[in-house]
Amino acid sequence: MKIIQSFLNGQWIGEEKKSALKSAINGDVIGYIHAELPDFEEATDYARKKGQASLMQMDFQQRATCLRNLAKYLLEHKESLYLLSRETGATRGDSWIDIEGGFGTLFAYASMGRNQLPSGNLIHQGSAMPLGKNNDFAGTHILVPKGGVAVHINAFNFPIWGMLEKFAPCFLAGMPCIVKPASATSYLTEATVRLMNESGLLPEGSLQLIIGSTGNLLDHLIEQDVVTFTGSAQTARLLKNNDNIIKRSIPFNAEADSLNAAILAPDINLEDTEIDLFVREVFKEMTTKVGQKCTAIRRIIVPREIMPHVIDKLSQKLAKVTYGDPDVEGVRMGALASIEQLEDVKAKIAELRETSELVYSQDTKPQGVGCQKGAFISPHLFVNHQPLINCAAHDVEAFGPVATMMPYDTIDEAIAIAALGKGSLVTTLCTKDPMIAAQMIPQLAALHGRLHILDAQAALESTGHGSPLPFLKHGGPGRAGGGEELAGINAVYHYMQKAAIQGSPTMLSAVTGEYVRGANIIETDVHPFKRSFESVQIGESLLTHRRTVTEADIVNFGSLSGDHFYMHFDDIAAKESQFGERIAHGYFVLSAAAGLFVDPGVGPVLANYGLDNLRFIEPVPIGTTIRARLTCKRKIDQGKESKDGKPQGVIVWDVQVTDQDDVLVASYDILTLVAKEMNESINMHP
């Protein structure tokens, strides 16, 4: 029988079997957790030394490319994971969320890394700011790799997505990780890690896996390490209070199961489309993954007068659910992850019965051979008529297809009921009235990590209440753990150390690897636009010739653009304005500056890629003489090629447009695609 092994110090370990892992469908033994207890001090040292060193041989752009290639490899081998995922009790649809949802997160962070992160391993966050009158002393912020290891302790419900949504930003940040999946479904995590290792794409030591107990792992962590946790609030508190975690102030990010709510707003009538959308959303959250989602709806808050109708609609949908072996045709809901989980859900249902009325459950048996030994349970719907007074559903979570409906009479009461959950990951508000959304959402936001507003328009494309997206925050206050994951590129920053730096602009420029205004510049005889990507230097600068703005310029630009705003054409109105005279269009100043610094000949600059941080700072009246300074600010090597196979990179230029008194009138960054001299291949890890 298969031993589910750990992957530590670059080796698969575990030869002796310990406890059995059983299929959630029929109780058959899938494999055994290994009995050997690894040396966790050795594993953490290996991550910090070997893992960190191998990751630092790559930069952000290379690691992003590696994530993309890894996602492609995993997609090619997904069917073996689907086959194994069935044993966790998951249907094909449930498995899609876990498997391809996890791979999609890798793709998402690969894209974010390539588009938002620089070359190198240091992020300059924000702009440098003068700290003195003459800008001889300035300050800014940088983000750098921590130099430690991240320990990811994950829940049983998403053995693949739960690992990859933490791994992706951690890997981008250049931080090796040790993954500890929940034992019940760890065989699926192990299979995924084996594929990742077999791909040959991962740098040595960047990913390790623990099967079974973490032993004294947390005792071997140091100040540069990070711990992330997904699971129950009780376990989160236990881990967070580890003596070593507290003593060393090791960052601990918790994302805990919470009593998420769905609120049907008082403007919804029985004839409205939204009431069916609401019921469908609740139904989906009760039955998808058998309700085993940290984001699943546990509390259903509806107007008192229509609650009986909502109960009836939801009960009718639940009655159509066929549950059992996912391979049996017609089965829509699988099993809980384990018999232990089944017993826990039954115990929590008994607690809910003490204060609430059970209004729906099924007496049918699960379909499929051997399913009597599986971890199956039918949907359970409770009703509590006094949710502000006596309702266990605000404290007790049955982590399965179980929810409690509760009535309200006023909007304030609905908000108060939702707040009794003491902090949640997500709440849905179903309304067709924008004013109700504007009233309720800001109040709900204080205790909820994400707010899903459901109406007929959003439903056309909505990913749903229970779907955390890579680009948006996942996490919540209070009972939900108080942590934060995902939220786009911010997740990468969580695994890096932020530091403020102060010094002269020249020193800040040297440290950040990008030009900081006031730093020494490099004046050259050759126009920067005539240089290839490799030969342009950070700080290389061009000060252009001058141009005087005339009335004809303004008239011609207005005629060309169609912009006849009064400040440009009405003498009387302009004189009565704060400027006291007619001024040039801001976009004319932008265009005129381009005319000053653009080299017209054919050269390595291929295209304008975009503008960032554009500001029109001072007015430019008729008769103003302007010129521009163009300085290479930053270079980004994404390893990209044009359609005809020619390599290119992105150069960001700092542009300052000044008048005859050297007063700054316009400021922005311009991004250009610039050809390379030769086909440079990114030094990707094999």
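The values are calculated or read from the model by the stated rules, or taken from the named source; none is laboratory data. Everything quoted here is computed from the prediction, not taken from an experiment. Ideal geometry is used to build each Cβ from the backbone, glycine not excepted, and the neighbour counts take in all protein chains shown.
Considering only region 556-568, state which residues are assigned to a helix (DSSP H, G or I) and farther than 15 Å from residue 581 by Cα.
Residues satisfying the conditions are 556, 557, 558, 559, 560, 561.
Would you mind stating whether residue 584 is touching a strand residue (DSSP E or B) at 6+ places or on another chain (Cβ under 8 Å) and in contact (Cβ under 8 Å) with a residue 60 or more places away in the chain?
No: the conditions fail for residue 584.
If you take the residues in region 1-28 that are assigned to a strand (DSSP E or B) and of a type in the set (Ser, Thr, Tyr), which one is surrounded by the most Cβ atoms within 10 Å (Cβ to Cβ)?
6
Considering only residues of region 505-523 that are outside any helix (DSSP H, G or I) and in contact with a His (Cβ under 8 Å, 6 or more places away or on another chain), which is farthest from residue 250 (Cα to Cα)?
Here the residue is 514.
Got a sec? Which strands (runs of 3 or more DSSP E) wholly within region 196-271 have at least 1 residues that are farther than 30 Å from residue 304 by Cα, of a type in the set (A, V, I, L, M) and in contact with a Lys or Arg (Cβ under 9 Å, 6 or more places away or on another chain)?
207-209, 226-231, 252-256
Quick one: which residue in 132, 93, 147 is under 20 Å from residue 292 (Cα atoms) and either touching a helix residue (DSSP H, G or I) at 6+ places or on another chain (Cβ under 7 Å) or not aromatic (Phe, Trp, Tyr) (or both)?
93
If only one of 502, 497 is within 22 Å of residue 134 (Cα to Cα) and either assigned by TED's automatic domain parsing to the domain that holds residue 583 or at pLDDT 95 or above (or both), which one is it?
Of 502, 497, the one residue that is within 22 Å of residue 134 (Cα to Cα) and either assigned by TED's automatic domain parsing to the domain that holds residue 583 or at pLDDT 95 or above (or both) is 502.
Could you tell me which of the residues 574, 593, 607 is of a type in the set (Gly, Ala, Ser), in contact (Cβ under 8 Å) with a residue 40 or more places away in the chain and assigned to a helix (DSSP H, G or I)?
Unique residue meeting the criteria: 593.
Among the residues that make up region 39-62, is at least one of them under 20 Å from residue 144 (Cα atoms), of a type in the set (S, T, N, Q), modelled with pLDDT of 95 or more and touching a Ser or Thr at 6+ places or on another chain (Cβ under 8 Å)?
Yes - at least one qualifying residue is present in region 39-62.
Just one of (1) surrounded by fewer than 18 Cβ atoms within 10 Å (Cβ to Cβ); (2) touching a residue at least 12 places away in the same chain (Cβ under 8 Å); (3) over 30 Å from residue 522 (Cα atoms) trips up residue 615, so point out which.
Against the list (1) surrounded by fewer than 18 Cβ atoms within 10 Å (Cβ to Cβ); (2) touching a residue at least 12 places away in the same chain (Cβ under 8 Å); (3) over 30 Å from residue 522 (Cα atoms), residue 615 comes up short only on (3).
Any chance region 89-98 includes a residue that's within 24 Å of the chain's Cα centre (by Cα), closer than 20 Å to residue 497 by Cβ, buried (at least 21 other Cβ atoms within 10 Å of the Cβ) and of a type in the set (D, E, K, R)?
Looking through region 89-98, none of the residues is within 24 Å of the chain's Cα centre (by Cα), closer than 20 Å to residue 497 by Cβ, buried (at least 21 other Cβ atoms within 10 Å of the Cβ) and of a type in the set (D, E, K, R).
What's the number of the only condition in (1) at pLDDT 95 or above; (2) of a type in the set (A, V, I, L, M); (3) outside any helix (DSSP H, G or I); (4) closer than 30 Å to residue 241 by Cβ that residue 352 fails to meet?
Against the list (1) at pLDDT 95 or above; (2) of a type in the set (A, V, I, L, M); (3) outside any helix (DSSP H, G or I); (4) closer than 30 Å to residue 241 by Cβ, residue 352 comes up short only on (3).
Could you list, ordered by first residue, the pairs with Cβ atoms under 8 Å in which the first is in region 386-407 and not assigned by TED's automatic domain parsing to the domain that holds residue 323 and the second is hydrophobic (A, V, I, L, M, F, W, C), at least 6 apart or interchain?
From residues that are not assigned by TED's automatic domain parsing to the domain that holds residue 323, there are no pairs.
Quick one: which residue in 130, 118 is surrounded by 20 or more Cβ atoms within 10 Å (Cβ to Cβ) and outside the structural domain of residue 633 (by TED's automatic domain parsing)?
118
Matching residues to (1) more than 17 Å from residue 181 (Cα to Cα); (2) out of contact with any strand residue (DSSP E or B) (no Cβ under 8 Å at 6 or more places or on another chain); (3) part of a strand (DSSP E or B):
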residue: 30; (1), (2), (3): no, no, yes
residue: 37; (1), (2), (3): no, yes, no
residue: 50; (1), (2), (3): yes, yes, no
residue: 81; (1), (2), (3): no, yes, no
residue: 104; (1), (2), (3): yes, yes, no
residue: 110; (1), (2), (3): yes, yes, no
residue: 114; (1), (2), (3): yes, no, no
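Checking residue 487 against (1) touching a Leu at 6+ places or on another chain (Cβ under 8 Å); (2) crowded, with 17+ Cβ neighbours inside 10 Å; (3) over 24 Å from residue 64 (Cα atoms): exactly one of these is not met. Which one?
Condition (3) is where residue 487 drops out.
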